[in-house]
Amino acid sequence: MGILLKNVHLYDRPETERTDVYISASRISSIGKEPQKFSMDEVVDCSHKTLLPGLINCHTHAYMSLLRNYADDVPFTTWLFDRVTPVEDSLTQEDAYWGNLLSMMEMIRTGTTTFVDMQMFPRMAVKACADTGMRGVITRGLVGTDRQDEAAVRRLREAFDEMEYGASIGAPCTFGLGPHAIYTCGSDLLRYTGELARERHLLLNIHLSETRSEFDTCMDEHGMTPVRYLDSLGLLDSEILLAHCVYLDDGDYEILRRPNIHVVTNPASNMKLANGFAPADRMLKEGVHVCLGTDGAASNNSLNMFGEMRLLSMTQKGVTKDALSLTADETLKIATKNGAEAIGRDDLGVIETGKTADLILIDENHPNLRPLYHRKASLVYSATGCEVSDVMVGGRFLMRSGHLTTIDEERVFYETEKIADRYR
Ligand SMILES: [Zn+2]
C-alpha cells in the first residue's frame, strides 16, 4: 500500500516550503522524490496541512478515563485512596476495555500515536491496542511488600501472561513492568522487579517523588531521597521511566542523567493534585532525559498532549521567570523524539526516510493557527489538539479527515456511560 502526502508542510522545515512524503508499507520511503517502483494507492492533498511525528504520551493509565471528572478538587491522598482506588477495585475487566477504548479515541483525535500505560486490568489495554491499531507500551502495575506477596506474585504472573497474549494476537505493543511507587511496593519487591527487568530486558515504569509527603517519608524511613532510595535497590541501572520527579534535591540530578533513565513530566496532573511543578527546565539543563505524559484522565483530566505541551512550556517559563525556558522547539522535541528514545524506539518521533510512519496531519485552516509565522510556536502555544485531521500508525490511517477508522465511537460512548451510571 503506497500513500502520497502531497504538497505538505513539514513541521521542522521553513514556513513556506512544501514537499511530498511517500509512505510504503509501514515506513516513510522517501521525502521530496518519488521512490523507484512506488505503487501509488492513495494521494492525500495536504495543501493546508502540517505534518509532524505522532506524539508520544509517556505516562497514562488508559482505563482511568472511566473516572474522568469523578473525583476533583480533593487532596492527593483523598483522591487516590478514598475516591479512585475503591472504584478501581469494583471495575470489571470488560469495563476496563471500554475505558481503554475511550482513551484511545481521545488520544488518536488529539494526535497521540504511542502511549506508555501502567495498567491494572491485564490484557485489556493490549486487546484495545490490537483492535484500534494504536501503539502501546504496556506495563502491569505491581503492588505488594516482597517477592512472596500474594498480590505481587499474581500480578507478575499476569504481566508475563499478558506479554504472551499480546504476541499471540499480534498487538502493536511492547511490554514492561510497572511497580506502582515506593509507598505501595516494599523494598524487596522493588529489588526483585529490577532483577527481573535486567534479566529479561524489560522496561520499568514507576511513579517517583510525586508528592512532598512521599519525599519526606522516604527521607524519614530510609535516610535518603526517593531517587537515591531507588538507586540503592538497583532499579536505576535498568531502562526505566520515572513519572513525576517533582521533588528532587541537588544530588539527585547526577543520578538522573544516566542514559538509561528517562523522567516523564506530567504538569497538568501535578498541578491539579496540588503537588507542585517538576523542575523540567533544570533537569534539561542538568542533562537529564525528559519526556512528557498526561497521566490518567482521573487526574488531568484529559489525555491531550497538545494541552500538555502548552502547559509544560508555560509553567516552566512562569516558575523560572525565564522566557527562554522550554521553547516551542524544545517542547515539541520532548513530546516526540525524547518520548521515542525513552521507549527505545529510534524509528519513531522523527520524520525521516526509512523511519516508521507514525505521523499526524494538522489542518492549518483554523483561526487560532493564523497567520502562520512560526509553525512550531503555533503547534505548542496556539493549537488545542482539535486541529489534528489525520493520524497514521505504521502507515495505516487510524483517523482520516476527522473520522476514526477503527473505533465505533457511538458504541464506546454508550458502553462508558452505562458503566458511569453505576457510580453516579
Ligand atoms: Zn500515574
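The values are calculated or read from the model by the stated rules, or taken from the named source; none is laboratory data. Owing to the predicted nature of the structure, the values given are computational and were not obtained by experimental measurement. When we count neighbours, we look across all protein chains shown, and the Cβ atoms used for this are built from the backbone with ideal geometry, even at glycine.
Is it the case, given these coordinates, that Arg147 is touching a strand residue (DSSP E or B) at 6+ places or on another chain (Cβ under 9 Å), modelled with pLDDT of 95 or more, outside any helix (DSSP H, G or I) and within 30 Å of Ser213 (Cβ to Cβ)?
Values: touching a strand residue (DSSP E or B) at 6+ places or on another chain (Cβ under 9 Å): no; modelled with pLDDT of 95 or more: yes; outside any helix (DSSP H, G or I): yes; within 30 Å of Ser213 (Cβ to Cβ): yes.
Against the criterion (touching a strand residue (DSSP E or B) at 6+ places or on another chain (Cβ under 9 Å), modelled with pLDDT of 95 or more, outside any helix (DSSP H, G or I) and within 30 Å of Ser213 (Cβ to Cβ)), Arg147 does not qualify.
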*In region 185-195, is there at least one residue being touching a Phe, Trp or Tyr at 6+ places or on another chain (Cβ under 8 Å), within 16 Å of the ligand (Cβ to nearest atom), modelled with pLDDT of 95 or more and not in a helix (DSSP H, G or I)?*
no
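Would you mention how many residues in region 69-97 are crowded, with 24+ Cβ neighbours inside 10 Å and of a type outside the set (Gly, Ala, Ser)? So that I can check it myself, show each step before the final result.
First pass over region 69-97, keeping only residues crowded, with 24+ Cβ neighbours inside 10 Å: 96.
Filter once more, so that each one left must be of a type outside the set (Gly, Ala, Ser): none.
Looking only at that region, the number is 0.
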_Restricting to region 273-303, name every residue that is assigned to a loop (DSSP other than H, G, I, E, B), more than 16 Å from the ligand (Cβ to nearest atom) and either of a type outside the set (Phe, Trp, Tyr) or under 12 Å from the mean Cα position of the chain (by Cα) (or both)._
Pro279, Glu286, Gly287, Val288
*Just name the residue that is nearest to Gln119 (Cα to Cα) out of those in region 166-182 that are outside any strand (DSSP E or B) and either hydrophobic (A, V, I, L, M, F, W, C) or out of contact with any helix residue (DSSP H, G or I) (no Cβ under 6 Å at 6 or more places or on another chain) (or both).*
His180
*Can you run down the residue pairs with Cβ atoms below 6 Å, 6 or more apart or on separate chains, where the first is in region 226-244 and part of a strand (DSSP E or B) and the partner is more than 16 Å from the ligand (Cβ to nearest atom)?*
Ile240/Ile261
*Among the numbered conditions (1) surrounded by fewer than 23 Cβ atoms within 10 Å (Cβ to Cβ); (2) more than 16 Å from the ligand (Cβ to nearest atom); (3) over 19 Å from the mean Cα position of the chain (by Cα), tell me where Leu235 comes up short.*
(1)
*Being in contact with a helix residue (DSSP H, G or I) (Cβ under 9 Å, 6 or more places away or on another chain), assigned to a loop (DSSP other than H, G, I, E, B) and of a type in the set (A, V, I, L, M) is the filter; apply it to region 325-381 and report the residue that is surrounded by the fewest Cβ atoms within 10 Å (Cβ to Cβ).*
Leu372
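Does region 109-117 include one or more residues that are at pLDDT 95 or above, within 28 Å of Glu341 (Cβ to Cβ) and surrounded by fewer than 24 Cβ atoms within 10 Å (Cβ to Cβ)? Before you say what the answer is, go through the steps one by one.
At the first step, the residues of region 109-117 found to be at pLDDT 95 or above are 109-117.
Those still in the list that are within 28 Å of Glu341 (Cβ to Cβ) too: 109-117.
Narrowing the set further to residues that are surrounded by fewer than 24 Cβ atoms within 10 Å (Cβ to Cβ) leaves 109.
Checked against the condition, which is being at pLDDT 95 or above, within 28 Å of Glu341 (Cβ to Cβ) and surrounded by fewer than 24 Cβ atoms within 10 Å (Cβ to Cβ), region 109-117 yields at least one hit.
Quick one: which residue in Leu52, Leu66, Leu5 is crowded, with 19+ Cβ neighbours inside 10 Å and within 16 Å of the ligand (Cβ to nearest atom)?
On the way: Leu52 fails: within 16 Å of the ligand (Cβ to nearest atom); Leu5 fails: within 16 Å of the ligand (Cβ to nearest atom).
Answer to the selection: Leu66.
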*In region 113-167, how many are of a type in the set (Val, Ile, Thr), under 16 Å from the mean Cα position of the chain (by Cα) and away from the ligand (no atom under 16 Å from the Cβ)?*
3
*Of all residues in region 80-112 being closer than 24 Å to Thr265 by Cβ and outside any helix (DSSP H, G or I), the one that is farthest from the ligand (Cβ to nearest atom)*: Gly111
*Restricting attention to region 188-221, report how many residues are under 20 Å from His244 (Cα atoms), surrounded by fewer than 17 Cβ atoms within 10 Å (Cβ to Cβ) and not acidic (Asp, Glu).*
4
*asked:* Given (1) surrounded by fewer than 19 Cβ atoms within 10 Å (Cβ to Cβ); (2) of a type in the set (Asp, Glu); (3) assigned to a helix (DSSP H, G or I), identify the lone condition not met by Asp250.
replied: (3)
*Would you point out which residue out of Arg400, Arg411 is exposed (fewer than 13 other Cβ atoms within 10 Å of the Cβ) and on the phi < 0 side of the Ramachandran plot?*
Arg411
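Let me confirm something: among Val74, Val44, which residue is within 30 Å of Phe413 (Cβ to Cβ), touching a Lys or Arg at 6+ places or on another chain (Cβ under 8 Å), of a type in the set (A, V, I, L, M) and in a loop (DSSP other than H, G, I, E, B)? Show your work before the answer.
Details: Val44 fails: in a loop (DSSP other than H, G, I, E, B).
On inspection, the qualifying residue turns out to be Val74.
Residues Thr60, Thr112: which one is touching an Asp or Glu at 6+ places or on another chain (Cβ under 7 Å), within 30 Å of Leu361 (Cβ to Cβ) and β-branched (Val, Ile, Thr)?
Criteria check complete, one pass: Thr60.
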*Please enumerate the residues belonging to region 1-31 that are farther than 19 Å from Thr356 by Cβ and assigned to a loop (DSSP other than H, G, I, E, B).*
Arg13, Pro14, Glu15, Thr16, Glu17, Arg18
*Write out, first by first residue and then by second, each pair whose Cβ atoms fall under 7 Å of each other, whose residues are 6+ apart or on separate chains, and whose first residue, in region 197-216, is more than 13 Å from Ala278 (Cα to Cα) and within 16 Å of the ligand (Cβ to nearest atom) while the second is in a helix (DSSP H, G or I) and of a type in the set (A, V, I, L, M, F, W, C).*
Leu204/Ala197; Leu204/Leu235
